[in-house]
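The values are calculated or read from the model by the stated rules, or taken from the named source; none is laboratory data. All figures in this text were calculated on a predicted structure; none of them were measured in a lab. Heads up, the Cβs are rebuilt from the backbone with ideal geometry, glycines too, and the neighbour counts pull from every protein chain shown. Just the protein is used for accessible areas: all its heavy atoms, side chains included, with ligands, DNA and RNA removed. Shrake-Rupley method; radii C 1.70, N 1.55, O 1.52, S 1.80 Å.
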Amino acid sequence: VIQNVEVDFTGFCEAIRVEGDARVRPLVERCAVTCSGDDGAVIAGGAAPTFRDCAIDARRSGVRTADRSVPEFVDCRLHSSTRTGLRAHDASAPTLRNCHVENNQHEGVVAMDDACVSLAECVIVDNRGPGIDVSDRARVVAERCRVRGNVGGVWLWDDAVCDVRGGIVQGGTSHAVLCDERTAPAFSDGARVEGVVNATEDARPLVAPGVDGTVHLEHPETPTALPPESGCFKFEHDMFDRKQ
């Protein structure tokens with residue numbers, strides 16, 4: 001158990017690393033974590049830590065999950081990182097409950113590979129990339145979340161899946177929902193989409209009116225477009241870090 005501690009790390013690796021099998025279940029509570037060289041917290045192996053009421057910011061991603069880890073974040077703030085708030089790799093399955101993911105220089109939440117990210121009543125705002133970006137075969141379940149004020153709302157690539165139940169998805173200065181050709185979106189439970197839906201003919205009705213016919217779509221006063229290739233959208237090849 002780690003409680004009421006401020007971790008301010010200046011080296012070129014993560015500030016906190018939790019790794020091991022499913023028996024590794026630490027509690028990190030009411031802590032402030034800052035890393036000026038790398039990620040704020042890295043969760044790997046099959047570890048299942050719980051972070052509660054923590055604030056995390058970093059030079060790279062606030063939180064990065066890998067392998068088959070299953071961390072849980074409750075009432076946390078993942079903010080002001082140079083890259084993403086949360087980045088999930090491999091077959092990791094992080095859960096965020098009542099968390100704020102905000103003011104990150106790239107995306108708010110990224111899911112890649114075979115990761116499965118669960119978001120419940122989270123606020124994802126003011127990020128300079130999409131609020132939620134899902135690629136490869138990853139899946140995101142978002143229940144009663146608010147995705148607003150980002151450069152893009154929920155974006156799906158490759159064979160990605162999203163399940164948006166209730167809440168609000170707004171695109172900010174770009175598309176509210178973007179679905180690549182093979183993706184599988186599913187919106188339901190009275191979700192509200194504010195902005196442009198860029199999707200195939202088959203995928204569009206799964207966004208609005210949604211799989212249960214309850215989704216409300218509000219078109220913007222002016223059309224939106226993909227952002228220019230600058231800032232976090234500029235392509236820079238990195239063989240160790242695949243990024244859309």
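Hey, what did the chain get for relative contact order, percent, Cα under 8 Å, at least 6 apart?
Relative contact order for the chain comes out at 10 percent.
When you take every Cα atom in the chain, what is the radius of gyration, and what is Dmax, the widest Cα pair distance, in Å?
Using the Cα atoms of the chain, the pair Rg, Dmax is 17.0, 52 Å.
So, by mean Cβ neighbours within 10 angstrom, what's the order for 131-138, 176-183 with the highest one leading?
Order by mean packing, descending: 131-138, 176-183.
In 10 Å bins starting at 0, how do the alpha-carbon pair distances of the stretch 123-244 split up by percent?
Each 10 Å bin holds this share of Cα pairs: 15, 48, 30, 6, 0.
What net charge is computed for the residues neighbouring residue 215, neighbours being all others with C-beta under 12 Å from the C-beta of residue 215, Lys and Arg scored +1, Asp and Glu -1?
Spelling it out: positives minus negatives among the neighbours equals -1.
Would you mind computing Rg(Cα) / (2.2 N^0.38 Å) for the stretch 1-70, counting N as its residues?
Normalised Rg, Cα atoms only: 1.02.
With only Lys, Arg, Asp and Glu charged, each at its Cβ (+1 for the first two, -1 for the last two), find how big the charge dipole of the chain is about the Cα centre; round to the nearest 20 debye.
My answer is approximately 400 debye.
Choose one of 58, 215, 141: the residue whose Cα lies farthest towards the positive end of the charge dipole of the chain (beta-carbon charges +1 Lys, Arg; -1 Asp, Glu; about the Cα centre).
Result: 58, furthest along the dipole toward the positive end.
Compute a Gaussian network model of the chain, connecting alpha carbons closer than 10 Å, and tell me which residue from 201, 102, 29 fluctuates the most.
In the Gaussian network model the winner is 201.
Please state the charge dipole magnitude for the stretch 41-83, taken about the Cα centre, from unit charges on C-beta atoms (+1 on K and R, -1 on D and E), reported in debye and rounded to the nearest 20.
Its charge dipole is roughly 240 debye.
Let me cross-check residue 69: its accessible surface, 1.4 Å probe, with only protein heavy atoms counted, in Å² to the nearest 10?
Accessible area, nearest 10 Å²: 0 Å².
Which one of 114, 126, 212 has the biggest mean-square fluctuation once the chain is modelled by GNM with Cα springs under 10 Å?
212
What trypsin sites (Lys or Arg not before Pro) does the stretch 1-67 have in DSSP loop regions with at most 11 other beta carbons within 10 Å?
Sparse-neighbourhood loop trypsin sites (Lys or Arg not before Pro): 23.
If you build a Gaussian network model of the chain, linking Cα atoms that sit under 10 Å apart, which residue out of 98, 150, 127 swings the most?
98
About its Cα centre, what dipole magnitude does the stretch 9-77 give when the only charges are +1 on Lys and Arg Cβ and -1 on Asp and Glu Cβ, stated in debye to the nearest 20?
Charge dipole, the stretch 9-77, about its Cα centre: 0 debye, nearest 20.
What accessible surface, in Å², does a 1.4 Å probe find on residue 165, ignoring ligands, DNA and RNA and rounding to the nearest 10?
About 80 Å², ignoring ligands and nucleic acids.
Let's test this: bin the Cα-Cα distances of the stretch 54-193 at 10 Å from zero up to the farthest pair and state each bin's percent.
All Cα pairs, binned at 10 Å, distribute as 15, 50, 33, 2 percent.
For the stretch 146-197, evaluate the Debye formula with one uniform point scatterer on each Cα (no solvent term) and list log10 I(q)/I(0) at q = 0.15, 0.25, 0.26 Å⁻¹, rounded to two decimals.
So the normalised log intensities work out to -0.35, -0.92, -0.98.
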